[in-house]
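What follows is a short report on a single structure.
Read-outs: derived from the displayed coordinates by stated rules, not from any lab. Keep in mind that what you see is a predicted model, and the values were worked out from it rather than measured. Cβ: placed from backbone, ideal geometry, glycine included. Neighbour counts: every protein chain shown.
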Amino acid sequence: MRPDLRNPRSLRNTLIGNRAFYVMVLSILVPIVIQNAITNFVNLLDNIMVGQVGTEQMSGVSIVNQLMFVFTLCVFGGISGAGIFSAQFYGANNQEGVRCCFRYKLYLCMALIAVAATVFLTSGKFLITRFLHDEADAGRVAVTLSHGMDYLHVMLWTMPPFALTQVYASTLREGGETKLPMVAGIIAVFVNLAFNYLLIFGHLGLPRLGVRGAAIATVISRFVEMIIVVSGTHANTDRYRFAKGIYASPKVPLSLAKVITVKGMPLLLNESLWSLGMTMLVQCYSIRGLDVVAALNISSTVSNLFAVSILSMGSATAIIVGQSLGANDMAGAKRQAWKLIAFSLFISVGTLLVMLVVAPLIPRVYQTSDAVRRLATQFLRIYALCLPLISFCNSAYFILRSGGKTVLTFMFDSGYTWLIGVPVAWCLVHLTSLPVVTIYLLVQLADFVKCAFGYSLLRKGVWMNNIVG
């Protein structure tokens, strides 16, 4: 079923579900939103606390977090390939299949940690300096670089606990269990917040460590989250049946490993290239000076908090549609897909209105220059106005992915980013004298092309595929 734009009744029936549908969606969505909202709210508080120390410290931390974002998305992309199979194995009630997908995720994450650690240890300074462009103030650049390197060296210790947590949490969520990861995430972010307060500013007799203190707090919180998720899973194997005997054998059937790799590698490449593309966009904007880096850091942190419901809808969509496909309910998956898109768009409009109101207010909390605050406010307003585009693209991505159409997903996401998004930004930054705010707006509006492509793919129904039956 697809929306008939010429028939209002058909359109309403296609896009609006009944009460039972929304109860089911919210039962999956709300725990994910709560966890992500608390995480992003604490990230905002962290950001503000680091910002109290100084603009250069805040900029150094934001650059490193942008680099760590690439590793985070590589982990997400790596486990997503196996996650497509895991969700459908759940739908088919095949627990051994889920176990094999879990082990595959574990091995892949170990490899990603090794690669990322090597890159950051050998090329960290080079990568950070790609974002530092302020010829009028070389001293400011040097200070930002120094703080960035201090932060990076500690943050490397977050990679193992983060990856293991994602292996467990993603497997739990693919079976519809979102509460344990939510509880672990909530506890972890408050641990992070508490240790940030203690270690950044040196309270209760602890040393004042600045950005290193922020990184140490993050490391502690990652280990706390990992311990809660892992121990909680193995303490309830009657409920989380895939965990029974999960380490009794290291085996992943070669045939399954091959098909996961074939289907999953495009997702890993996609998330890697997409995150690199997002990092490249920030690098392009950074050509216009360190104030732009600081403003983008503020706006992205605030935007992530307000867009949490929209972005979390992607995870809920993948779970709901993936389980229907695994149960061979193609008609149900179709109906769910369009209703989930409409629900996400509805949320985006509400979020847009709220963001427009608060956009001028939050940047005032930061101890930074008026120029940075003005830029951050303008970036926030533009992001808010483009939320419906972001919402549709996010939903389309997860629907395409849920059916195992990973090559199409690759073309739709990272292919678009590198063929349109990054070239547009590079050309506008290097070949024009347009203000950076105008450039940011034009790059965001280019998502109309991505929306049109996604709509075409969804209407054709090419994503409907049972890959485990």
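Peptides 432-439, 26-33, 160-167 ranked from most to least packed by the mean count of surrounding Cβ atoms within 10 Å: 160-167, 26-33, 432-439. With neighbours defined as other Cβ atoms within 10 Å of a residue's Cβ, the residues His133, His430 order from fewest to most as His430, His133. When you restrict to C-alpha pairs under 8 Å that are six or more residues apart and normalise by the size of the chain, the relative contact order lands at 24 percent. Once both labels are positioned 7 Å from their Cα atoms along Cα-to-Cβ, the gap between Ser146 and Arg241 label points is 6.0 nm.
Can you sort Glu56, Glu271 so the residue with the fewest Cβ neighbours within 10 Å comes first?
Glu56, Glu271
Rounded to the nearest 20, the size of the Cβ-charge dipole of the range 8-460 about its Cα centre is 1300 debye, with Lys and Arg at +1 and Asp and Glu at -1. Given R0 = 45 Å, the distance between the Cβ atoms of Lys258 and Ser27 translates into a calculated FRET efficiency of 0.80. Volume per residue for the chain equals 143 cubic angstrom (convex hull of Cα atoms). Pairs with C-alpha atoms separated by more than 31 Å, drawn from the list Lys125/Lys450; Lys105/Lys405; Lys258/Lys334; Lys251/Lys334; Lys251/Lys450; Lys251/Lys405, are Lys125/Lys450; Lys251/Lys334; Lys251/Lys450. Panel order for Met330, Met313, by other beta carbons found within 10 Å of each beta carbon, from fewest to most: Met330, Met313.
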